[in-house]
Amino acid sequence: MRSVSASEATATVRTERVCRYYPMGGSIIRAVDGISLSVGRGEFVALLGQSGSGKSTLLNLLAGLDRPTSGSVLVQDRDLASMSSEELARYRRSDVGMVFQAFHLIPSMTITDNVELPMRFAEVERAERTQRARQSLEQVGLGHRLEHRPSELSGGEQQRVSLARALANRPQLLLADEPTGNLDSRTGEDILNLIRDLSLALGMTVVMVTHERALAERFAQRLIFLGDGKLLSQEALA
Amino acid sequence: MTGYDLFDLAVRNLRQSKLRNGLTTVGISVGVASLVAMLSLGVGLQKLATRRLAGSGMFDTVFVTSKQDFRGMDREDDQKTEHPEKEPLLDQPARDQMTRLKYVTEVEPEVRVMGEVVYDGQTHFGFVTGLPVSARENEAFDNLEGKFFSGPSAEDVILLNDFAKELNPKDPKQLIGQEITLRYGERQALPAESTGRPQLSGGETADTSSSDNFGFSVVRKTQALKVVGIIQEEPYGGMRAVSRGRIFLPVDLTEKLNMAQFTDMRSSLRGAGKTYMTLTVRVKDPGKVSEVQDAINKMGFRTFSILDATKSLRRFFTVLDLFLGIFGSLALAVATLAIINTLVMAVLERRREIGIMKAIGASDGDVKGLFFAEAGAMGFFGGVLGIVLGLAIGKAINIGTGIYLRRHQLPAEAVWIMPPWLIGAAIAFSILVSLLAGLYPASRAARLDPVQTLKYE
């Protein structure tokens, strides 16, 4: 195990003294407090820390779902803080894919429709998006359940759908927020294997939030430890 | 997101809460139906009123009088006429000039004289009026017993039913095909030697000196006429001088018979040849009446058309339509509140879904557009359903009114008429109102913070 400097890899994602504060009653919650880090192209990074350490807030900042109070978030040298909400939406639909702990699939839609949804926002032709949705679902091993609804699938299968949806617009950055949190350990491992394989196959950068260190050590190339909104340490794994 | 995707997703979302969205759509349809029913009632009543006026045959007619005669309808017009004696005469050359005007189809004098009918050894007094061939189109002849004049100057007569009853109280219809004798006064020229002056075409002697020795004789004449038809009501809705006759002859025949009229006395005093009291100028298209009226005014005559009289009627119906529209819109206003309520509920229920959509790339505009599309779709379906419902209401109104009128021995009338433009306009209005109702929920949905909504569960 060795510590890693920010300049070691060719950075895809970089944060510079990024802060995210929330007013709470009379006080201010410092969810992210001056974190500077960088993630290289194709790298698989795990953000670790206790609940309230700022992992998910940092992930939301990287996803462009939230805006920093100060500092900057640079993805491929584009500062997300200076983007308009329309530009951030475009960034989310074409540059980033997100996987959530609670899967966040739309229950009224079939899994194919769920996977097609980001492509609708990206205005992909109907025929093409149907084909791409089918391809993505086959990649995650759900080619036989295209017309099923999320409620008809197991947790692991739902997370696979979520992953297929995240990959629908072929992003360069995959952000996973506790992707194994709602799964048993074996299914969790399967999902992370899938994420790693796809990351390697597609040359995709992965930033994963988890509190399961053992899993993170097995799949990530680097661990980043957060505590009280600050970056505590980083460890590169062999 | 493309329009197709917006509509597709909107319809899918609407299907998720079938009962609630269905009820809201029914609410909109009731609003649209109410609006359509009210406006169509306004249109129907207006058409009913104008049909009566149009049936009078006056919408395409301009009445022309000379400024030398009487006062007109418009007193201001008289004040402008400082020297009436210098105004042109309403004579044959003027009539010919009017006949040549663009859009004019017929120029006929209004002939109304006193006459006596001799039938079955009895004499009956009545007003004789001349009718042009165009009078056949008048609604009074819709229920004509027998037939119309066989020609423009045929020796035929049509009788008003009341007069026919006077001639034959037992069976007035029996008169059809029979001959009656009309006694009338013929206007005859004075012999040339009595004045020493040349005669004019109208049978009068010309006033070539300052002498007042000028005039004509009225000689009693008889004319055999064949009764060809009987009408139940006065032609032109009883609105014209010629309507108030009881014995109707072709106008050309009255001219041929040179019947002496009340107004001939005025011509005689004036010392002019034969002049007309009133000429009725028939125009090809009611829309051209003003144009023809202007042209005749420029010739120096006084004109009057029903368009002048219907201006106030149109004003009345505009106000009526406005009020009916306002009352009809009340139900739609209530439906608008239902749309707002439905969509606000949908925003609350679908917070997480909105968060997901934003997280995977939906812009604020996409979210807003989606809720707009849902509101628009409800408006569209509500509008279509409302039209169907409105048509059913209208049908019921017409059937009900028909039954009521028939019970009172009156012919059934369509009081509810939906003009075709109202179908498109009502659907468009329904969509517009729904979109306006969707403004607040849509912008509320678009403003949702995805981070907060994803935490919501």
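Under the convention that each Lys and Arg Cβ holds +1 and each Asp and Glu Cβ holds -1, the size of the dipole of the protein assembly as shown around its Cα centre is about 1160 debye. The listed peptides A:34-41, B:372-379, ordered by packing as a protection proxy, come out as B:372-379, A:34-41 (highest mean of other Cβ atoms within 10 Å first). Take every residue in peptide B:34-43, count the Cβ atoms of other chains within 10 Å of its Cβ, and give the average of those counts. For peptide B:34-43, the averaged partner shielding equals 0. Sorting the segments A:164-176, B:161-173, B:383-395, B:121-133 by their residues' average number of neighbouring beta-carbon atoms within 10 angstrom, most packed first, yields A:164-176, B:383-395, B:121-133, B:161-173. Note on the protein assembly as shown: Rg/Rh from Cα positions, Kirkwood definition for Rh, rounded to two decimals, is 1.36. For the range B:239-384, rounded, prolate or oblate, judged on the Cα gyration tensor with a ≥ b ≥ c (square roots of eigenvalues), a/c < 1.5 rounded, else prolate if a/b > b/c? Prolate. Axis of helix A:185-202 versus longest Cα principal axis of chain A: the two differ by about 90°, to the nearest ten degrees. Within the range A:107-168, the proportion of Cα pairs with more than 13 Å between them is 53 percent.
Think of the protein assembly as shown as having a plus end and a minus end, set by charges on the Cβ of Lys, Arg, Asp and Glu; of B:PHE149, A:SER36, B:MET259, A:SER36 sits farthest toward the positive end of this dipole. Using a simple spin-label model with pseudo-atoms 7 Å out from Cα toward Cβ, A:GLN135 and B:SER17 lie 3.8 nm apart.
Charging the Cβ of each Asp and Glu at -1 and of each Lys and Arg at +1, and nothing else, the dipole of the range A:107-168 about its Cα centre rounds to 60 debye. Computing FRET efficiency as 1/(1 + (r/R0)^6) for A:ARG17 and A:ARG186, where r is the C-beta to C-beta distance and R0 is 41 Å, gives about 0.50.
Take each residue in B:360-371, count the other chain C-beta atoms within 10 Å of its C-beta, and the mean is 6.
Pair-distance distribution P(r) for chain A, from all Cα-Cα distances in 5 Å bins starting at 0: 1, 7, 14, 18, 20, 16, 12, 7, 3, 1, 0 percent. Across the range B:1-42, the residues whose backbone nitrogen lies under 20 Å from the label position 7 Å along the beta-carbon direction of A:ALA127 are B:2-5.
What the phi angles of the range A:228-233 give under the Karplus curve with 6.51, -1.76 and 1.60, with θ = phi - 60°, is a coupling list of 6, x, 10, 7, 8, 6 Hz, glycine and proline written as x.
Label positions at A:ASP197 and B:VAL118, each projected 7 Å from the Cα along the C-beta direction, are separated by 12.3 nm.
With the simple spin-label model, which puts each label point 7 Å out from Cα in the Cβ direction, the B:GLN92 to B:TYR4 separation comes to 7.8 nm.
Applying the Karplus relation 6.51 cos²θ - 1.76 cosθ + 1.60 with θ = phi - 60° to the range A:216-224 yields 3J(HN,Hα) values of 4, 5, 6, 10, 7, 8, 8, 10, 10 Hz, where x marks Gly and Pro. When peptides B:10-19, B:335-344 are sorted by average Cβ neighbour count within 10 Å, with the highest value leading, the order is B:335-344, B:10-19. Under a 5 Å amide H cut-off, with hydrogens placed 1.01 Å from N, A:THR69 pairs with A:CYS19, A:ARG20, A:TYR21 among residues at least 5 apart or on other chains. For the range B:369-390 versus the range B:391-415, the spacing of their alpha-carbon centroids is 31 Å.
For chain A, the longest principal axis of the Cα atoms and the long axis of helix A:111-121 meet at an angle of about 60 degrees.
Counting charges near A:GLU87 (Lys, Arg +1; Asp, Glu -1) among other residues having Cβ under 13 Å from its Cβ returns a value of +1. Each residue of the range A:158-175 was assigned a 3J(HN,Hα) from its phi angle through the Karplus curve 6.51 cos²θ - 1.76 cosθ + 1.60 (θ = phi - 60°); the sequence is 5, 5, 5, 4, 4, 5, 4, 5, 4, 8, 3, 9, 6, x, 8, 10, 10, 10 Hz, with glycine and proline shown as x. Once the Cα-Cα distance is subtracted from the 0.36 nm per residue extended length, the B:ALA154 to B:ARG100 segment shows a gain of 16.9 nm.
Take each residue of peptide A:92-98, count the partner chain Cβ atoms within 10 Å of its Cβ, and average: the result is 4.
Between the amide H of A:MET109 and any residue lying 5 or more places away or on another chain, no distance stays under 5 Å, with hydrogens modeled in the peptide plane.
Exceeding 30 Å between C-alpha atoms, which entries from my cross-link table qualify? They are B:LYS221/B:LYS274; B:LYS288/B:LYS395; B:LYS165/B:LYS288; A:LYS230/B:LYS358. From the list (B:LYS221/B:LYS274; B:LYS288/B:LYS395; B:LYS165/B:LYS288; A:LYS230/B:LYS358), the Cα-Cα distance tops 30 Å for B:LYS288/B:LYS395; B:LYS165/B:LYS288.
Under 5 Å from the amide H of B:TYR276 lie the amide H atoms of B:LEU90, B:ASP91, each residue being 5 or more positions distant or on a separate chain, with H modelled from the backbone and absent for Pro and chain starts. Rg/Rh for the range A:115-238 stands at 1.00; both radii use Cα atoms, and Rh follows the Kirkwood definition. Relative to one another, the C-alpha centroids of the range A:150-166 and the range A:70-89 are positioned 29 Å apart.
Note on the protein assembly as shown: antiparallel DSSP beta bridges, both residues inside, total approximately 70 percent of the bridges counted.
Values quoted throughout were computed directly from the atomic coordinates according to the rules given, and no laboratory measurement underlies them. Quick caveat: nothing in here was measured; it's all calculated off a predicted structure. No Cβ is skipped: glycine too gets one built from the backbone with ideal geometry, and neighbour counts run over all protein chains shown.
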